[in-house]
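Q: Here it is: the structure, laid out below.
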Amino acid sequence: MTNEDNTSQGELDLPDLAQPRSRRRKTRLGATPIAQSLPVARVIVEKVPPHLDQEFDYLVPASMDATAVPGVRVSVPFGRQTLDGYLVERVEKSEHEGKLAFLRRVIGRSVVPPTLIDLAHDVAEYYAGSVSDVLRLAVPPRHARSELDEIPVQPVAPAHWGSATWDQYRAGPALLRRVQHGEAVRAVWTAPMGVADSDSSTVWPLWATALCELAGAALAGGRRVLMIVPDARDATYLAQALHHHGAKPWQPPAHAPVDSPSRDQAPTFTILTHDIGPGARYQRFQAASQGQVDVVVGTRAAAFVPVPQLGLMVVWHDGDGSHQELHAPYPHVRQVLALRSVREDAAFVVGGVGRSLVAQGWVDSGWAAEIVADRDVVRASSPRVQHLGDVELAAEPVGAGRLPSLVWREIAKESARGPVLVQVPRRGFVSGFVCASCGQLARCTACHGPLGVMGKQRDVQCRWCGGLVGGWQCRHCASLTWRAVGVGSDRTAEELGRAFPGVVVRVSGLASAEGVLSEVPDGPSIVVATPGAEPVVRGGYAVVVVLDAQVWAGFEGGDGPVEVFDRWAGAVALGRSTVRGGRAFIVGEGPGVATAALVRCDGGWLARREYEDRREVGLPPSVRMVAVTGDAVVVGAMVERIVKDSEAHVLGPVDVPGDFVDVPAALRESLSRVVRCLVRVPVGQGRDLARRVKAAKRVASARRELSVVQVVLDPAQLL
């Protein structure tokens, strides 16, 4: 590999110029004994600019010969800095014609096997990023006190966890057989609604039971499992289901490395999420990498864990925004696992109550098979969903409020027997006010910021300056009265408490007093939750209410109606089945196609419809797209390099405000013109687009222009 001059000071040998202390440096370097075998180490150096994204060669001192092994962290001189990196391999001879610097330090034990290096290259190529950036996302920071001794890869403990859930699917039994036989099958699975029926003291959604059965098939075939979920709560659900099926949590060895377990021991699992702490995360990463764990359950970063003998990978609810990485090169878990499935020849299953547009594209292209249940099975296992829109609400008596009389009666009846779930789109109390006469937004008289209720004190105050509001008058029509819009979860809970006195009302959400609840008792109560924060209850909710559906009418998120369906279905999926009397209500006029799909309990139908619409107009994910945002001059030059001699289609440039999400920090306070350009190509030309983008980034990096431009392949807000 090529290499810049990596002396301890990073200086260049320039002819005809005096080189002070040159003799002294040569003497010092020459006196350092070099490893006799494979003396050259190739290193991926962290924190280098994109135009230097390559492997660099260093000499291995004889003192580090035994510890400088492939995959280990090392410290190296780079120019006038000392940087960390990963030793990729050792070779006999360098291709660099200049002199080489020595490794300065070996840090800990090997943590990056060749499979992870290969995956980092794949992800960097797909997203036009740097390999070092990918490894930074993949490998947790070292925690010396938690470091494990290296032991041989352990044999996989077999499991036979049944197939009852998958027997309801047309291709379910075939999927389990192929996974057990070690085939690299790829599937998009529409999961069942409902809550698992078990005698355990804990409760979890039915999808977690299904994933345990699928994992059992892989373990029975002697291969390990990696399952990625959106958050720690979903990871806990899976851990509870795995424990119920007989798996045991992995525990670090107390003293010396353990001997290889016998094949009749129970499978082990571990959880890798950010909230477990840096020490536990690093230790579990090592254990999973060494084959001490049979099933790895984790969130976004765990998608890179180099699990040996990997036979099955699963991403649950791939449309959840938590699966999108927020740091360069912005990979998505779904795509990382897709790349892994090809390279490591492992089965890959995308699951959810709904279906993302990317997953639908895979089904349409034939890259993945569709796993769905028959319609009669879906109808029997789901609650009966009823929509109460503008027509029904207009027939309600004056002053009926946000709850139609039918919904009010159902809540009153069922909340006396057990929990009822009410999903609302917003958290807090009141997010805004409008004039009661003209409908204009009510604003602060001091700074013109929007008004709202910030807490339980119920004082109306400015959401910008925090000033209390008194003597307000509309500046448009001079009216003295306002009305609340955007009622949140806390205010909804307060209203329900007054409407149903004597019934316990709980609030689940990030901003609520109790936080996000995982489970609630099955006694009489009303649970108010924001999307994604709905707790499970044993036996399921008798009634689920999706309130204020009209708030989502103009939703312009990533997948639009598909994402709205996912949020609603997350609540409805926790209700009782129709055969057990479960009911669900959508109150308000939300997106029509999302409403229709929820009434049908058919996310696949919605995804097919939306994907076809996007294909007709050339929108992602039916095409690959790159967004280039920043200084107008730099953006123009980069886009010109990207599209040169290609059939790429350019959209823009368009001016964007300084607070736009993709505007580089260096431009947020700048007076420069900030623009955004989109470049799109057919999916089949996506790899060529990525190569062009990476080449353009290297040029911009060499010219020190990357600080004023942001480049994102497959931008999430367009997917």
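All of the numbers you see were taken from the coordinates with simple rules; none came from a lab. Treat the numbers as computed from the prediction; the structure is a model and nothing was measured. So basically every Cβ, Gly included, is an ideal-geometry build from the backbone, and we count neighbours across all protein chains shown.
Q: How much of the DSSP bridge set in the chain is antiparallel, in percent, rounded to the nearest 5?
A: 50
Q: For ASP655 paired with ALA380, estimate the spin-label separation in nm (one decimal), with each label point 7 Å from Cα along the Cα-to-Cβ line.
A: In this crude spin-label approximation the distance works out to 6.2 nm.
Q: In addition: From the convex hull of the Cα coordinates of the stretch 176-227, what is the mean projected area in square nanometres?
A: 4.3
Q: Find how much the distance from GLU95 to VAL485 grows on full extension, using 0.36 nm per residue of separation minus their present alpha carbon separation; answer in nm with one decimal.
A: Full extension from GLU95 to VAL485 adds 133.6 nm.
Q: Order the peptides 183-191, 299-307 from the highest to the lowest mean number of other Cβ atoms within 10 Å of their residues.
A: Averaged packing, sorted descending, gives the order 299-307, 183-191.
Q: Can you give the FRET efficiency for LEU406 and HIS160, using 1/(1 + (r/R0)^6), R0 = 45 Å, r = Cβ-Cβ distance, to the nearest 0.05?
A: Once the sixth-power term is evaluated, E becomes 0.45.
Q: Convex hull volume of the Cα atoms in the chain, per residue, in Å³?
A: Spelled out: Cα convex hull of the chain, divided by residues, is 201 Å³.
Q: With no solvent and one equal point scatterer per Cα, compute the Debye intensity ratio I(q)/I(0) for the stretch 549-643 at 0.21 Å⁻¹ and report its log10, rounded to two decimals.
A: Ignoring solvent entirely, the Cα scatterers give -1.03.
Q: Could I ask something else about it? Mind ordering 467-479, 675-687, 570-582 by average Cβ neighbours within 10 Å, highest first?
A: 570-582, 675-687, 467-479
Q: Would you grab the residues whose amide H sits under 5 Å from the one on VAL536? Only those 5+ places off in sequence or on another chain, please, with H modelled 1.01 Å from N.
A: Correct list: GLU519, VAL520.
Q: Right, here's the next one. Taking amide hydrogens as modeled 1.01 Å from N in the peptide plane, which residues meet the under 5 Å criterion relative to VAL507, leaving out close sequence neighbours?
A: Residues meeting the criterion, in which the H sits 1.01 Å from N, are VAL528.
Q: Among the listed pairs LYS99/LYS694; LYS644/LYS694; LYS47/LYS697; LYS93/LYS694, which have their C-alpha atoms separated by more than 22 angstrom in this model?
A: LYS99/LYS694; LYS93/LYS694
Q: Taking K and R as +1 and D and E as -1, what net charge do the other residues with C-beta under 14 Å from the C-beta of VAL40 add up to?
A: For residues surrounding VAL40, the net value is -3.
Q: Under a Cβ-only charge scheme (Lys and Arg +1, Asp and Glu -1), can you give me the dipole magnitude of the chain about the Cα centre, in debye to the nearest 20?
A: In debye, rounded to 20, the chain gives about 1100.
Q: Something else about it: Put +1 on the Cβ of every Lys and Arg and -1 on every Asp and Glu Cβ in the chain; which of ALA208, LEU667, ALA637 then has its Cα farthest towards the positive end of the dipole?
A: LEU667
Q: Determine ³J(HN,Hα), in whole Hz, for all residues of the stretch 54-68 in sequence, where each value follows from phi through the Karplus function 6.51 cos²θ - 1.76 cosθ + 1.60 and θ = phi - 60°; x replaces Gly and Pro.
A: With coefficients 6.51, -1.76 and 1.60, one gets 7, 8, 10, 9, 9, 7, 9, x, 4, 5, 9, 4, 7, 9, 7 Hz.
Q: In whole Å, largest first, what are the principal axis extents of the Cα atoms in the stretch 345-431?
A: Computed over the stretch 345-431, the largest-to-smallest principal extents equal 60, 34, 27 Å.
Q: Using only the C-alpha atoms of the stretch 251-408, find the volume of their convex hull and express it per residue in Å³.
A: Measuring per residue, one finds 247 Å³ for the Cα hull of the stretch 251-408.
Q: Something else now. What are the semi-axes of the equivalent ellipsoid of the stretch 620-718, taken as the square roots of 5 times the eigenvalues of the Cα gyration tensor, listed largest first and rounded to whole Å?
A: 22, 15, 11
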